[in-house]
Amino acid sequence: MRYSRLLIPTLKEAPSEAQVVSHVMLVRGGFIRKLAAGIYSLMPLGMRVVAKIERIIREELTRSGAEEVLLPMVHPAELWQESGRWQKYGPELLRLKDRKGADFAMSPTAEEAMCDLVRRDVKSYRQLPLNLFQIQDKFRDEMRPRAGLMRGREFIMKDAYSFHATVEDAHREYKNMYDAYVRIFKRCGLEFRAVEADTGAIGGSMSHEFQVLADSGEDAIVSCDNCDYAANVEKAEMKRTAGEAAAPKAAALEEVHTPGAGSIEEVGKMMKAKANAFIKTLIYIADGKPIIALVRGDRELNELKLKAALAVEALELASDALVREVTGANVGFAGPHGRSVPVYADMEVREMGWAVTGANKTDYHVKGFNLGRDVPEAKIVDLRTAAGGDPCARCGTGHYKAYRGIEVGHVFFLGTKYSEPMKVNFLDAEGKDKPMVMGCYGIGVTRIAAAAVEQNHDDDGIQWPMALAPFQVVITTAGREPELAAAAETLEAELTARGVEVLYDDRDERPGAKFKDADLIGIPLRVTVGKRGLAEGKLELKKRRDKEPTLVAQAALADELARLIQEALA
């Protein structure tokens, strides 16, 4: 294709609101343009990238046995009321009324609509299992959309739903889709981890996130250096230590005056103690009742783990007023001892023979705290957020490595969470009416494009993986001589005949400007036709990720390019 005939409006500068790399590069490269906050138009280059992602997804899901459908974007409120999510989903659900005053929602996800589709026509166990998927726009009314395609309000998503007669068969399909996702992201040329994760607003009892590794990722994940275990830090298990609780290293608690020092850093300076010698005492309200949670001073408490340990629906930090009511002290001076409130302590707290914590008295702390002696009734649970260097809870010998990740896919085991309230039932072999067991599988199509840029770029622009690049080869000429254009056109025709995706930059621009645009839009292979090289029967070949080009015989260049493309796609 000829550059001069395409709409590729590259920019020297990106808009001021574009902060993350993918947002900057996709705007500057002419892949996207903003229509409204969190809503973007896909330009021709953007469409080519998205089409490639969609093709990979369709091929692998079809290979896995799934069937494609297309559901409406606008859903009647009645469906969401059946599932109970009309009230629960929150302000991200864009609600609207039609001219008759009926309530509808712009689809942020499609569990309800897919359940309705299946319950109308699937009645018998003989019609199961069934796996249906769609690739379609979604809308979630994010309060603060940001980062371009990374967290927009409107986006393209692949969502699939499977329906089964038994839990065992649903688990089989979960693994089938997990394997399909691994193939999809490998084919996209991405470095990723499949991590155990919380089920979030979708619900269900088992889930994995597929995280593209990138320093700019929103999610913190850990992965064992010895086994396959990986998890979001909010979900990651901590290794339970064996042995007895630590014995006290002090005869009794000693009160220390710490005027105006409410933080670990401030008290640590006064007492010359490190953060790992402290115990954080956090007051929470769990289903309306106060509780105390304890973690070591250098750790972060994981609220998802605490909520699971308490088996409660609602959990929130206590107000300053309630902290004073429970502890008798201002925030920053709370301790777990001497309180009538239930205490939940992380496993590491049990191992601390001597610790510093609040004295339940404003401007005072205590040292020499020992959990077994001072709060023997405390319940020991896993409460801390995993971090790099922690021992792996699965294999017991490895250690966690910490990464940042961008979630691009998620698989859930839903069970009967939606099928029971929506009466998505079937008749089993004995004629009994039962709810179908469900799985749910999502991929952020446009988010994959953004994540690929976050993982693959340099200061000059994007470095697309071959499988996602809008074109595989760009041909440029270093001069206006007719013989250069003729050689470029001949190579373009030969490569196109071989099925290679070629962009011929035929613009009347300086070579330097063409090179800059080629680097910005990230085409993996660049061929330059120059006067001197052509006279010697050679053309310049440069890989996008290499600093220097190489000279290749003109007669052998098409074969070399085909080889490089095939190698990259293997």
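Please treat every number below as a calculation from the coordinates, not as lab data. Model, not experiment: these values are computed from the prediction. Heads up, the Cβs are rebuilt from the backbone with ideal geometry, glycines too, and the neighbour counts pull from every protein chain shown.
Building the convex hull from the alpha-carbon atoms of the chain and averaging its projection over directions returns 33.8 nm².
When you filter the GluC sites (Glu not before Pro) in segment 259-349 for DSSP loop state and at most 11 other Cβ atoms inside 10 Å of their Cβ, you are left with Glu313. The distance between label points at Ala535 and His257 comes to 9.1 nm (points 7 Å beyond Cα on the Cα→Cβ vector).
Remark: the Ser41-Asp121 segment gains 25.1 nm on full extension, using 0.36 nm per residue and subtracting the alpha carbon distance. Count charges around Val473 for me, please; just the other residues with Cβ under 12 Å from its Cβ, Lys/Arg as +1, Asp/Glu as -1. Here the count lands on 0.
With only alpha-carbon pairs counted, each pair once and no self-pairs, how large is the Kirkwood hydrodynamic radius of segment 471-569 in angstroms? Result for segment 471-569, one decimal place: 13.3 Å. Averaging 1/r over each pair of different alpha-carbon atoms in segment 1-75 and inverting the result gives 14.8 Å, the Kirkwood hydrodynamic radius. For Met206, the residues whose amide H sits under 5 Å from its own are Phe413, ignoring neighbours fewer than 5 places away on the same chain, with H placed 1.01 Å from N.
Karplus-based coupling profile of segment 429-439, in residue order and whole Hz: 4, 9, x, 8, 7, 9, x, 6, 8, 10, x, with θ = phi - 60° in 6.51 cos²θ - 1.76 cosθ + 1.60 and x standing for Gly or Pro.
For segment 254-381, the direction-averaged projected area of the alpha-carbon convex hull comes to 6.8 nm². Within segment 1-110, the GluC sites (Glu not before Pro) that combine a DSSP coil assignment with at most 10 other C-beta atoms in a 10 angstrom radius are Glu13.
Applying a 4.7 Å Cβ-Cβ cutoff to the chain leaves Cys115, Cys188, Cys440 as cysteine residues with no disulfide-compatible partner. Computed from phi, the 3J(HN,Hα) profile of segment 525-533 under the Karplus parametrisation 6.51, -1.76, 1.60 (θ = phi - 60°) reads 10, 10, 10, 10, 9, x, 5, 5, x Hz, with x in place of Gly and Pro.
Rounded to the nearest Hz, the phi-derived 3J(HN,Hα) couplings of segment 213-223 under the Karplus curve 6.51 cos²θ - 1.76 cosθ + 1.60 (θ = phi - 60°) are 6, 7, 4, 8, x, 6, 9, 9, 10, 10, 9, where x marks glycine and proline.
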